[in-house]
Ligand code: AHQ
């Protein structure tokens, strides 16, 4: 699947070392949606209750897309060792076992976040109010993940290198700025911090192993930028829709 690639005169340039390549990937954090004006305003307490509800309702569409995206990647993974790790991501969101309590999964936790900000379960599940551009951005992610080589789809998940901080920021700022939100509702953010670390450990190894020439490494950076743009675009659309 085609994504925007930056034309570069790379002929003859040696591949980056693993350390240099990882540093290049992490340097992309400058475009992460933690820096988006809406996220900055939200974590500074600048959102109205309606804006927070709008953000939670729109982001729920992204959360619903994640396990479907991961199942598409799983289907393209030829090696059991990778599938054994990747399948965990689906269970993290859809739940497992008796689906009760901590086994209920991230989608249930997000529904609890919705209830904590004042969105009824059925209203959230109705996807009413999800902005067209949010759907478009999330669907682009699912479609890319389904059609791209599985290693490229894995690479696109590496925006999660930057996710622990954005979850920690919410846990640190929301109780102060939005005391009306039941702290129980923030459980999703709390749970994601260790899970993001586990995900990135696997995703980074696949990425550092697979993209082995300088041109391929630049493609990996373009893939990561594509996913960063998805997250940024979502907040652009949410900021506009939630005015
Ligand atoms: O809750 C998030 C999540 O489960 C994932 C999975 C991962 C992926 O496979 O692309 N990315 C991701 C992200 C989640 N939350 C976002 C947020 O801001 O709360 C961050 C997002 C990411 O960094 O890609």
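The values are calculated or read from the model by the stated rules, or taken from the named source; none is laboratory data. Only a predicted model underlies this, so the values are computations on that prediction, with no experimental measurement involved. Virtual Cβ from ideal backbone geometry, glycine too; neighbours counted across all protein chains shown.
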* Output the residues belonging to region 80-93 that are without any contact (Cβ under 8 Å) to a residue 60 or more places away in the chain and more than 16 Å from residue 145 (Cβ to Cβ). => 80, 81, 84, 91
* Asked: Does region 151-169 include one or more residues that are part of a loop (DSSP other than H, G, I, E, B), under 19 Å from the mean Cα position of the chain (by Cα) and within 13 Å of the ligand (Cβ to nearest atom)?
  -> yes
* Asked: Within region 121-133, can you find the residues that are in contact with a helix residue (DSSP H, G or I) (Cβ under 8 Å, 6 or more places away or on another chain) and more than 25 Å from residue 230 (Cα to Cα)?
  -> 121
* Asked: Residues of region 36-57 being away from the ligand (no atom under 12 Å from the Cβ) and more than 15 Å from residue 118 (Cβ to Cβ), which ones?
  -> 37, 40, 41, 44, 45, 46
* To do: Scan region 86-103 for residues that are within 13 Å of the ligand (Cβ to nearest atom) and surrounded by fewer than 17 Cβ atoms within 10 Å (Cβ to Cβ) and jot them down.
  => 88, 91
* In region 16-35, the residues that are without any contact (Cβ under 8 Å) to a residue 12 or more places away in the chain and crowded, with 16+ Cβ neighbours inside 10 Å -> none
* To do: Kindly indicate which of 133, 146, 215, 196 is more than 16 Å from the ligand (Cβ to nearest atom), under 21 Å from residue 64 (Cβ atoms) and part of a helix (DSSP H, G or I).
  => 133
* Pairs only if they're at least six apart or on different chains, beta carbon under 8 angstrom, first in region 51-79 and over 25 Å from residue 128 (Cα atoms) and touching a residue at least 24 places away in the same chain (Cβ under 8 Å), second more than 12 Å from the ligand (Cβ to nearest atom) and not in a helix (DSSP H, G or I); list them, first residue then second. => 76/149
* Starting from region 195-206, take each residue that is over 11 Å from residue 157 (Cα atoms) and list its partners that are near the ligand (Cβ under 8 Å from one of its atoms) and not in a helix (DSSP H, G or I), counting only C-beta distances under 6 angstrom and pairs at least six apart or across chains. => none
* Asked: Just wondering, is there one or more residues in region 112-126 that are part of a helix (DSSP H, G or I) and either within 15 Å of residue 66 (Cα to Cα) or modelled with pLDDT under 95 (or both)?
  -> no
